[in-house]
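I have placed the structure first, in the form of structure tokens, so that the comments after it can refer back to it.
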Amino acid sequence: MRTAGVVLAAGQSRRMGEDKINLALSGAPLGSYAVNAALHSHLDLVILVVRADDPLCWLVNSANDRLVITRCSDSELGMSHSLRCGWNEAVDRGMDSVLILLADQPLVQTEHINALLSAYASAPELHYVSAKDGDVVKPPLLLSCKVSSVVSKLEGDTGARSIIRNRAYVGEQISFDKEVFYDADTPDALLYLGELMDSCKELDFS
């Protein structure tokens, strides 16, 4: 059973006003944290989905053998298009499941990814294993390739929550601390994340 991580980094950063994954956060580009966490995890492959014109100046692990870069030509049409680009790459490479990560969630660490992988390995009959913030399901999210037909029909900025809401699909949800889910959608959010990370030196965000 093989699982690929799909890191979605092809967003338009409209609320930030500039390409946020390039922005410095606690000494490193914002987008590098999710990629590093994925590469240090037990994932078999890491697929990074970027815009067609991304120069990848922010990427610090481009030489890693487990990293595949996929350029999404229609990413401006919404997250679902980026997700499908990564999903199709994973399926073409023979993966059995896909773990979806967002490049603007720098506090998702290797241990969180491995927790989802472990839960799925223990119950491969599941359709999904999701992270949970209180009662709210949030990325990262692991999906079995048994739901490929649903992913192929997603449109616009629709994520994979429709799968979790569908009672026909069986899954497990794992609670993480609320800080794990903080993202950098605005300049104020980026500033707060930097302050939080600088104040938590005991945590390894490398």
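The values are calculated or read from the model by the stated rules, or taken from the named source; none is laboratory data. Keep in mind it's a predicted model, so treat the numbers as computed, not measured. Positions of Cβ are backbone-derived with ideal geometry, glycine not excepted, and every protein chain shown enters the neighbour counts. Keep in mind that these areas ignore ligands, DNA and RNA; they rest on the heavy atoms of the full protein, side chains included. Shrake-Rupley method; radii C 1.70, N 1.55, O 1.52, S 1.80 Å.
The modelled label-to-label distance for the pair S122/D198, using points 7 Å beyond Cα in the direction of Cβ, is 3.9 nm. Rounded to 0.05, the FRET efficiency of the D188 and H42 pair, given R0 = 35 Å and the Cβ-Cβ distance, is 0.50.
Dipole orientation for the chain: of the candidates S97, L30, N64, S97 has the Cα lying most toward the positive pole (charges on Cβ; Lys, Arg +1; Asp, Glu -1). Express as a percent, rounded to the nearest 5, the fraction of DSSP beta bridges in the chain (both residues included) that run antiparallel. For the chain, the DSSP antiparallel bridge percentage is about 35.
Taking the Cα centre of the range 79-167 as origin and assigning +1 to Lys and Arg Cβ atoms and -1 to Asp and Glu Cβ atoms, the resulting dipole is close to 280 debye. About its Cα centre, the dipole of the range 3-122 is roughly 160 debye, where the only charges are +1 on Lys and Arg Cβ and -1 on Asp and Glu Cβ. Distance between the pseudo-spin-label points of N88 and Q173 (7 Å out from Cα toward the beta carbon): 3.2 nm. Residues whose amide H lies under 5 Å from that of T70, counting only those 5 or more places away or on a different chain, are L48, V49, V50; hydrogens are built 1.01 Å from N in the peptide plane. Taking the Cβ of G94 as the center, what net charge do the other residues with Cβ under 14 Å away carry, scoring Lys and Arg +1 and Asp and Glu -1? Net charge in that neighbourhood comes out at -2. Helical runs (DSSP H, four residues minimum) scored at -39500 (n - 2.57) apiece and divided by the length of the chain put the mean residue ellipticity at 222 nm at -8000 deg cm²/dmol. Judged by the gyration tensor of its Cα atoms, with axes a ≥ b ≥ c, the range 86-206 is prolate; a/c meets the 1.5 cut and a/b is the larger of a/b and b/c. Using the Cβ atoms and a cut-off under 14 Å, what net charge is assigned to the surroundings of V6, where Lys and Arg are +1 and Asp and Glu are -1? Taking every Cβ under 14 Å from that of V6, the sum is +1.
Could you work out how far helix 110-122 tilts from the main Cα principal axis of the chain, as a 0 to 90 degree angle to the nearest 10? With rounding to tens, the tilt is 0 degrees.
Here the chain is assigned +1 on the Cβ of each Lys and Arg and -1 on the Cβ of each Asp and Glu. Its dipole about the Cα centre then comes out at about 640 debye.
Segment L56..D133, full-extension length gain: 24.6 nm, with 0.36 nm per residue of separation and the alpha-carbon distance subtracted. Given (i) 15.8, 44; (ii) 20.9, 71; (iii) 16.2, 53 as candidate values of Rg and Dmax of the Cα atoms in Å, which corresponds to the one derived from the coordinates? Correct label is (i). Counting only protein heavy atoms and using a 1.4 Å probe, what share of the accessible area of the chain belongs to carbon plus sulfur, as a whole percent? Carbon plus sulfur share of accessible area: 48 percent. Sorting 125-132, 40-47, 138-145, 89-96 by average packing, meaning the other beta carbons within 10 Å per residue, from highest down gives 138-145, 40-47, 125-132, 89-96. With all protein chains kept in place, the per residue accessible area of the chain amounts to 46 square angstrom at a probe of 1.4 angstrom.
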